[in-house]
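The values are calculated or read from the model by the stated rules, or taken from the named source; none is laboratory data. Note that the structure is a prediction, hence the values are computed from the model and not measured. Here the Cβ positions follow ideal geometry from the backbone for every residue, glycine too, while neighbour counts run over all protein chains shown. Just so you know, the surface numbers come from the protein's heavy atoms only, side chains and all, with ligands and any DNA or RNA stripped out. Shrake-Rupley method; radii C 1.70, N 1.55, O 1.52, S 1.80 Å.
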Amino acid sequence: MTYLEDIECWKIECPMVDRKDAPSYVYFDKVIVAADRLFGRHTRCFLGSLKMPPEGSELRHDVVVKDSWSDAVSTHRDEVKFLRKISADLGRKENINFEYPRLLHGGCVKFWIGAADGDGKPVSIADNADYLYRDLPITTTTTTTTGNDGGNNDGSGGPAPIWPSREHRRIVMQPVGEPLRSLKSVPELIIVLRDAMRCHSAILS
């Protein structure tokens with residue numbers, strides 16, 4: 001993530017769907033969600049654009065970026081996988097007359113370490129919780145099992161150091177909606193809730 005002073009916005013790298021070696025970039029100037037905690041998903045959401053705005057012009061908000069630390073071992077809660085399926089399945093239906101989340105880009109955030117592999121492609125490593133927690137004295141309240149005696153991996157017994165198994169992921173979605181605080185009446189709120197329920201019902205079915 002880099003701040004561009006000349007156009008007064010941030011540039012953030014986002015993984016491309018199904019293309020591990022070709023990241024995309026989003027330019028944003030507004031944070032709409034920031035769960036700034038040491039533990040948990042640390043979710044942040046940004047409003048931005050896939051196109052760099054010309055110097056002196058206003059940034060157009062046409063995409064949402066969700067940056068979070070998701071469960072790295074839970075495949076049934078893979079948000080990128082679900083959004084890809086929603087975009088593909090509902091995108092093929094002609095009678096859809098409501099808005100639904102469409103995935104543009106998404107995946108695990110990578111560190112590009114500057115080296116190259118045998119094919120000349122840049123080498124990257126996944127950003128995960130190991131780099132944050134591995135030096136902290138976090139321990140379990142019970143012993144782990146390495147054989148029949150339990151204990152640390154070195155066989156000494158006792159509580160074993162652990163940390164949350166999380167992976168740093170970013171997803172880019174459309175469309176960009178209006179915040180609920182922009183509603184001016186109860187009927188408008190009812191219409192919004194109706195549309196949200198229609199969308200959830202279509203996704204479920």
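Residues whose amide H comes within less than 5 Å of that of K51, counting only those at least five positions distant or on another chain, are Y27 (H built at 1.01 Å from N in the peptide plane). Once all protein chains are placed together, Y27 keeps about 20 Å² accessible to a 1.4 angstrom probe. Cross-linked pairs K11/K85; K11/K51; K30/K51: Cα-Cα separations exceed 22 Å for K11/K85.
Maximal additional length on extending the V31-M197 stretch stands at 57.1 nm, based on 0.36 nm per residue less the C-alpha distance. Computed packing ranks the peptides 101-110, 173-182, 79-88 as 101-110, 79-88, 173-182, most packed first, by mean other Cβ atoms within 10 Å.
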